[in-house]
Amino acid sequence: MPSSARPSGEFNSQAPIPLLPAAAYLRTSTSHQRYSLVSQAAAISTYAKAHGMLIIKIFVDEGKSGLDVKGRGGLRDLLQVVQSGDAEFQTILVHDVSRWGRFQNIDEGAYYEHLCTLAGINVVYCQEPFQNDSSPLTGLFRSVKRAMASESSRELSAKIFAGQCHLVKLGYRQGGTAGYGLRRVLINRHHEVKATLHPGERKSLLTDRVILAPGPPDEISVVERIYRDFVERRLSESEIATVLTMEGRVTDLNRPWTRGTVHQVLTNEKYIGNNVYNRTSSKLRQRARCNSPDEWIRCDHAFREIVPTPLFMAARAIIQERSLRLSDAEMLSLLRKLLTRVGTLSGLLIDEQESMPSSSSYQSRFGGLLRAYELVGYKPERDYRFVAVNRALRAWRPTVVEDIANRLRSVGADVFHDKPTGMLTVNGEWTASVIIARCIHISPNCSRWRLRFEAQRITDLVIAVRMDRENAIAHDYYIFPKIDIGAWPRQLADENVPLIDSYRFETLKVLEDLAERALIKEAA
């Protein structure tokens, strides 16, 4: 830090003016990393030197969205220190307003600033054109910049969604598994087939696209048999599932067939080649919702059908007829009886009931499942069953870590398991930790897995175990390297953007390959 200027006159030495203690807040986003942490730190340091400040504390949110404060441990820690009254700094330095946050309600960002002001601590934006004072003009400028930061997120979200919708209308697949009897096929910009994508594989070139194509002949035969048994033989979904299970057949996810999985095959338009998108949506951290059919984005006859369209329409007519025969009161009565018997409701649970209309029938009849739930007195705002699930997963985690350690030892690796922290040190060269991602059901065909990284225990590799829909066994694994921490997601979907799914693995063999010791032959 440069010393203060020496005054002219008789005395040519003077004690330096004390530097004002300050804190710095840095943030990068996974979706829009305009400024790196290094460049932010450099700009803030330059500002501090120029204004006689000394940075004594740094709070960082790396790879965190600015849409809200949830999950931003750095900002939450900063606000906690400020409100505790124990802060040793008088100023908080931030690169610009957007780094403080892109809150969709601009008053939220102002509120967090106000908490700092009440504690006698000023928030200063180092790279903004306005003065960092309390004048009315500065307040106006801050409000405008907050609104601009918020609007930037909305514009980006709209552009991404518009791009996805455009690709869907051109017949390209946008996320989601292929489904039983179908396969994802990679094509180049000339529509030439490059390869069939296996589970976990993603495209590597931006110009490549993914379409659906017929799968193995035996799976296609099973799909068509499901439709013919349902339409021509009038077998129920449960009866079809029983037959398939007795034959030893499993779904594309290697699970036993159930009434619900058979029902999904009978109702999904991809089997007649239609590309349908935006059935559910969750934008800018809003709660996921099921969209009405008029909001769906579609491209009919985008892929090769594996079920004749007349057969598909006949199956649809049978399913729709179930609910048409029932009045609103009768449908709600069945829903109420299910609630009384089971104690809870969900789309998947409804689809598993033989004597009830499907969840989609309730959605179309009552304008959504939540409205139907409300009419029978069920409020699913909070499903407390997750408490027991979380408790079980926490108890299971040490076993998972020890199993991984033993697998690595089996290939000759030297593994130290620090049981209090759950951290593994492998061959004295790299460290790994494990987190368990519980499956959260958004809708019958849509799930989410939230990832909770512990900032104080970030290791060289973080292994995220993604649980299956029943939270009973591991579904797959995501291995996140520390070097890419800025790209770590807050949650996972059934299928994610290529960057995130490039970390996905069906098994942990890649860890064994990484840990295995190789013998080096002595040179002759």
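The values are calculated or read from the model by the stated rules, or taken from the named source; none is laboratory data. Because the structure is predicted, anything quoted here is derived from the model rather than measured. Neighbour counts are summed over all protein chains in view; Cβ atoms, including those assigned to glycine, are modelled from backbone coordinates with ideal geometry.
Here are the numbers for the structure shown:
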| quantity | calculated |
| --- | --- |
| Test for Gly367: is it of a type outside the set (S, T, N, Q) and at pLDDT below 85 | yes |
| Residue match in region 126-148 (condition: closer than 30 Å to Leu499 by Cβ and modelled with pLDDT of 80 or more) | yes |
| Number of the condition not met by Gly175 [criteria: (1) small (Gly, Ala, Ser); (2) modelled with pLDDT of 75 or more; (3) part of a helix (DSSP H, G or I)] | (3) |
| Output for region 185-228, where each listed residue is polar (S, T, N, Q), free of Cβ contacts under 8 Å to residues at least 60 places away in the same chain and more than 30 Å from Leu244 (Cβ to Cβ) | Asn188, Thr207 |
| Spans of strands (runs of 3 or more DSSP E) in region 395-459 with at least 1 residues within 30 Å of Gly347 (Cα to Cα) and hydrophobic (A, V, I, L, M, F, W, C) | 430-437, 439-443, 446-450 |
| Boolean, Arg285 is on the phi > 0 side of the Ramachandran plot, within 24 Å of the chain's Cα centre (by Cα) and at pLDDT below 85 | yes |
| Subset of region 188-212 (residues that are crowded, with 17+ Cβ neighbours inside 10 Å and either touching a Phe, Trp or Tyr at 6+ places or on another chain (Cβ under 7 Å) or modelled with pLDDT of 90 or more (or both)) | Arg209, Val210, Ile211, Leu212 |
| Residues of region 79-112 satisfying the condition of being under 20 Å from Ser65 (Cβ atoms), of a type in the set (Asp, Glu) and touching a residue at least 24 places away in the same chain (Cβ under 8 Å) | Asp96, Glu108 |
| Number of positions in region 84-111 that are over 25 Å from Pro129 (Cα atoms) and at pLDDT 90 or above | 2 |
| Search result, residues across region 444-467 that are in contact (Cβ under 8 Å) with a residue 60 or more places away in the chain, in contact with a strand residue (DSSP E or B) (Cβ under 9 Å, 6 or more places away or on another chain) and closer than 25 Å to Arg259 by Cβ | Asn445, Cys446, Arg448, Met467 |
| Identity of the residue in region 419-471, surrounded by fewer than 16 Cβ atoms within 10 Å (Cβ to Cβ) and of a type in the set (S, T, N, Q), that ends up nearest to the chain's Cα centre (by Cα) | Gln456 |
| Criterion: under 23 Å from Asp252 (Cβ atoms), in a loop (DSSP other than H, G, I, E, B) and at pLDDT below 85 - qualifying residue of Glu522, Glu470 | Glu470 |
| Complete set of residues in region 38-63 that are within 13 Å of Arg27 (Cα to Cα) and touching a residue at least 60 places away in the same chain (Cβ under 8 Å) | Ile44, Glu62, Gly63 |
| Index of the failed condition, Asp383 passing every other in (1) assigned to a loop (DSSP other than H, G, I, E, B); (2) modelled with pLDDT of 90 or more | (2) |
| Residue that is at pLDDT 80 or above, touching a helix residue (DSSP H, G or I) at 6+ places or on another chain (Cβ under 6 Å) and under 27 Å from Arg448 (Cα atoms), where the choices are Leu345, Leu339 | Leu345 |
